[in-house]
Amino acid sequence: MTLNLCVLTPNRIVWNSEVKEIILATNSGQIGVLADHAPIATGLDIGLFKIRLTANDEWLTMTLMGGFARIGNNEITILVNDAEKASDIDPQEAQQTLEIAEANLRKAQGKRQTIEANLALRRARTRVEAINVVPS
């Protein structure tokens, strides 16, 4: 059995096809979803998103930058601020962004700057982590 997966950002459709399984980073931890999963709606954290493809049984890794997921009747709709396939991430650019985010956190002054710098650092770390995932 398969799941119909649709991943949407405010600007584009990132993914819209059938998959075998997914693993999501929710606000309360990771969850795996197979066919006939119980209906849920959940908040999504900044983190990795893994999709097991129907055609070749391989795993695809993406980044999700926070949002929501609705799961039910073998349909998954994911609404996120941003999403990116690991294969589309430039490793050098991701590493540079991580270094800049770390420097910005060290320089942050005040609560607001610290919160914004921490979020930028989490996004940058997730992108670097995605490109370092070993395909299964």
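The values are calculated or read from the model by the stated rules, or taken from the named source; none is laboratory data. Remember, it's a predicted structure, so these values are computed and weren't measured experimentally. Cβ coordinates were reconstructed from backbone atoms using ideal geometry, including for glycine residues, and neighbour counts include every protein chain displayed.
Within region 22-42, take every residue that is hydrophobic (A, V, I, L, M, F, W, C) and part of a strand (DSSP E or B) and give me the one that is farthest from T126 (Cα to Cα). So that I can check it myself, show each step before the final result.
First pass over region 22-42, keeping only residues hydrophobic (A, V, I, L, M, F, W, C): 22-25, 31, 33-35, 38, 40-41.
Remaining after also requiring part of a strand (DSSP E or B): 22-25, 31, 33, 40-41.
Numbers: I22: 17, I23: 15, L24: 13, A25: 11, I31: 17, V33: 21, I40: 25, A41: 23 Å.
Top of the filtered list is I40.
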- prompt: Applying the selection to region 18-62, what residues are hydroxyl-bearing (S, T, Y) and surrounded by 13 or more Cβ atoms within 10 Å (Cβ to Cβ)?
  reply: T26, T42, T54, T61
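I'd like the residue in region 86-104 that is buried (at least 16 other Cβ atoms within 10 Å of the Cβ) and without any contact (Cβ under 8 Å) to a residue 40 or more places away in the chain and, out of all such residues, is nearest to E21 (Cα to Cα). Outline the logic, then answer.
Quick first cut of region 86-104, residues buried (at least 16 other Cβ atoms within 10 Å of the Cβ) only: 86, 89, 94, 97-98, 101, 104.
Right, trim to without any contact (Cβ under 8 Å) to a residue 40 or more places away in the chain and you get 94, 97-98, 101, 104.
Numbers: A94: 27, T97: 31, L98: 30, A101: 33, N104: 37 Å.
Result: A94.
Of all the residues that make up region 123-136, how many are exposed (fewer than 15 other Cβ atoms within 10 Å of the Cβ) and modelled with pLDDT of 95 or more?
Here is the first cut: in region 123-136, the ones exposed (fewer than 15 other Cβ atoms within 10 Å of the Cβ) are 132-136.
Subsequent filtering for residues that are modelled with pLDDT of 95 or more retains none.
So the count comes out to 0.
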query: Quick one: G66 ticks every box in (1) assigned by TED's automatic domain parsing to the domain that holds V14; (2) of a type outside the set (F, W, Y); (3) surrounded by fewer than 16 Cβ atoms within 10 Å (Cβ to Cβ) bar one, so which box is it?
result: (3)
